[in-house]
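Working notes for the structure below.
The values are calculated or read from the model by the stated rules, or taken from the named source; none is laboratory data. Values in this document were obtained by computation on a predicted structure and should not be read as measured data. Positions of Cβ are generated from backbone atoms using ideal geometry, with glycine treated the same way; all protein chains shown enter the neighbour counts. Ligands, DNA and RNA are excluded from the accessible area calculation, which covers all protein heavy atoms including side chains. Shrake-Rupley method; radii C 1.70, N 1.55, O 1.52, S 1.80 Å.
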Amino acid sequence: PATGYTFTGWSGDVTGTSSSVTVTMNGNKSVTANFQVKPPDKYTLTAAASPVEGGTVSGSGSYDVGTVVTVRATPASGYIFTGWSGDVTGTSSSVTVTMDGNKSVTANFQVKPPDKYTLSTVASPVAGGTVSGTGTYNSGDVVTVKAVPAAGYTFTGWSGDASGASPSIAITMNASKSVVANFQLNGPATYILSATASPAAGGTVSGAGSYDAGTTVTIDVTPATGYIFTGWSGDVVDSSPEVSITMNSNKSVTANFEEQTEKNVTVKPRKLFSPDSRGDASTETWEIENAYLLDGAEIVVYNRQGQKVYFSIGYNTPWDGTSGGRPLPDGAYFYIIVYPDHRKQTGSVTIARLK
């Protein structure tokens with residue numbers, strides 16, 4: 001072998017690992033002597049700390065091949081050792097490394113958690129109640145925190161570093177924590193609905209009164225002679241003559257009317273028709289006097305639930321009392337006519353079939 005190499009064996013027409021072999025020449029022969037780089041007599045061990053300020057590590061140096069080296073990690077003040085990485089693993093502060101090659105190991109440290117933690121407890125809103133538990137505790141302590149609602153309030157649950165709806169909870173102090181006890185002002189058992197007409201002479205409004213919390217109330221309007229309904233304002237904004245409102249607080253609604261004039265009423269819709277194919281042909285559809293004046297106007301009809309059952313621009317084909325091809329039930333329906341100049345005309349029409 002050359003300097004720095006070792007002989008590893010023969011290949012080709014001869015085998016073996018002896019440095020000297022005999023070849024019988026009974027034919028052409030080819031033999032190869034195989035060599036490899038001789039391994040070093042020593043290897044290097046690099047031992048480091050992460051972070052550097054977290055502690056010290058023993059064992060760095062150059063060692064003979066096969067040496068078993070003991071490496072130790074020593075945390076600095078305020079740090080703890082968390083484990084090894086690189087060419088060795090584990091969480092023991094002392095490990096052994098066999099030097100069968102160059103090695104690199106890292107001792108990992110982290111800031112030591114405090115021995116005590118702070119618990120902050122607050123009420124939201126502040127007037128809603130009181131919360132126990134604020135203070136400083138040893139790491140690992142289990143603290144019972146209680147929420148006590150003030151008069152007129154109800155505890156609704158925890159937020160922050162706690163959750164749930166129980167007014168008493170246990171918190172493990174493995175870190176500083178902040179919890180919020182949430183309260184809600186108790187609502188009244190009933191709410192007042194105020195329903196007025198504007199102007200007062202414009203018509204009447206149903207539905208005003210006192211209702212249990214959560215009740216859904218239907219309110220509707222009846223225009224006075226010479227007035228038209230133009231829409232709702234207040235806690236309801238809508239143009240349907242009949243609307244529903246949920247009583248989750250005191251409510252106030254106003255039905256707005258406008259006095260009829262030559263300009264805002266130009267057609268006269270019939271009040272009743274009977275689409276039953278049994279009576280006078282003139283009553284089979286909803287007739288509107290002077291319907292030719294509705295060119296470009298929008299005609300919309302609603303049922304008592306406020307659902308649209310008919311819509312047309314212009315009135316070339318009279319409504320036959322159906323919706324989606326199906327006959328509608330007998331009863332009152334409400335219409336709104338919106339003219340191209342944005343004037344509105346409202347009223348009701350009744351479907352009444354012969355029995």
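May I ask you to say which residue of Val243, Val237 is β-branched (Val, Ile, Thr), assigned to a loop (DSSP other than H, G, I, E, B) and within 17 Å of Tyr302 (Cα to Cα)?
So the residue among Val243, Val237 that is β-branched (Val, Ile, Thr), assigned to a loop (DSSP other than H, G, I, E, B) and within 17 Å of Tyr302 (Cα to Cα) is Val237.
Restricting to segment 307-323, name every residue that is open to solvent by less than 30 Å² (accessible area, probe 1.4 Å), over 12 Å from Trp286 (Cα atoms) and not aliphatic (A, V, I, L, M).
Listed by number, the residues that qualify are Ser312, Gly314.
Which of (1) surrounded by 16 or more Cβ atoms within 10 Å (Cβ to Cβ); (2) closer than 23 Å to Pro188 by Cα does Ala127 not meet, given it meets every other one?
That leaves (1) as the condition not met.
This table checks each residue for (1) of a type in the set (D, E, K, R); (2) under 13 Å from Phe109 (Cβ atoms).
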| residue | (1), (2) |
| --- | --- |
| Asp13 | yes, no |
| Asn28 | no, no |
| Asn34 | no, no |
| Tyr43 | no, no |
| Gly59 | no, no |
| Thr67 | no, no |
| Ile80 | no, yes |
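To keep it simple, each residue is scored yes or no on (1) open to solvent by less than 60 Å² (accessible area, probe 1.4 Å); (2) out of contact with any Ser or Thr (no Cβ under 7 Å at 6 or more places or on another chain); (3) among the acidic types (Asp, Glu); (4) farther than 16 Å from Gly234 by Cα.
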position: Ser176; (1), (2), (3), (4): no, no, no, yes
position: Val179; (1), (2), (3), (4): yes, no, no, yes
position: Leu193; (1), (2), (3), (4): yes, yes, no, no
position: Ala200; (1), (2), (3), (4): no, yes, no, no
position: Thr215; (1), (2), (3), (4): yes, yes, no, yes
position: Asp220; (1), (2), (3), (4): yes, no, yes, no
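Of everything in segment 34-57, what is open to solvent by 50 Å² or more (accessible area, probe 1.4 Å) and not in a strand (DSSP E or B)? Give them in sequence order.
Lys38, Pro39, Pro40, Asp41, Val52, Glu53, listed by residue number.
Here are some residues: Ser92, Ser85. Which one is free of Cβ contacts under 8 Å to residues at least 40 places away in the same chain, more than 29 Å from the chain's Cα centre (by Cα) and either in a strand (DSSP E or B) or crowded, with 16+ Cβ neighbours inside 10 Å (or both)?
None of the other options fit; the residue is Ser85.
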